[in-house]
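Below you'll find the structure, written out as structure tokens, and then a few comments.
The values are calculated or read from the model by the stated rules, or taken from the named source; none is laboratory data. Values in this document were obtained by computation on a predicted structure and should not be read as measured data. Quick reminder, even Gly has a Cβ in these numbers, built from the backbone with ideal geometry, and neighbours come from all protein chains shown. Calculation scope for accessible area: heavy atoms of the full protein, side chains included, ligands and nucleic acids excluded. Shrake-Rupley method; radii C 1.70, N 1.55, O 1.52, S 1.80 Å.
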Amino acid sequence: MTVMKSIEDILKENKDFFNEAEPSEGHFERFNRKLEMRFARKVVKRSIVPYLLKAAVVTLLLTLSSLWTWDHFIRADRNRMTLGDVSPQYKEVENYYVHQVNLMESEIVNIDIKNNPEQKRELFKEIKSMDSVYIQLQKELKANPDDERIINAMIEHYQTKVDVMNYILDQLKTIRNENQNKSGNENTNL
């Protein structure tokens, strides 16, 4: 306490000197440099790289877990196997029939049935119901990939679907032609 007392006494005794006197030239600059040096040592430079690495790892883990979840739980055909999965030759057969079915579906869509568009919706509903049989065959193929009976049944399904769609297409064209002939005859009679 005596040291503190003595500093207080010195300040009181020299009050006028401290209030009026100015520090020596360059004092503020030297003081500022000393402060900067003192605080510069304590400042730790941080890099953004560790944060970017953490973000990349989290993103990678989220992506991989999403893909795994999709493959094992969400994907609709995870329990099915196609002919193309069995062999390249069957893949060619499957591609041929899929192409034929797609062509016929587009032809059916393009045929204009003026009398009853509801028939066209029912027709496509029936065609899609044929696919439920094929989906069941795909599931059976996944369980027994070497069973020729299942492979043959899948090919026969495609053949039958193409035959049925051919028949439907022929019938629709006949109906369309009859409608056009009727409307042509009505126009000539007028």
query: Listed highest first by mean packing, meaning other Cβ atoms within 10 Å per residue, what order do 144-151, 93-100 come in?
result: 93-100, 144-151
- request: Kindly state, to the nearest 0.05, the FRET efficiency for LYS34 paired with LEU61, given R0 = 35 Å and r defined as their beta-carbon distance.
  value: 0.10
message: Around LYS125, under 14 Å between beta carbons, what's the net of Lys plus Arg minus Asp minus Glu among the other residues?
response: -2
query: Which value, in Å² rounded to 10, gives the accessible area of VAL49 with a 1.4 Å probe and all protein chains present?
result: 80 Å²
message: Past 31 Å, Cα to Cα: identify those pairs from LYS12/LYS34; LYS128/LYS173; LYS54/LYS142; LYS91/LYS125; LYS142/LYS173, in the order given.
response: LYS54/LYS142; LYS142/LYS173
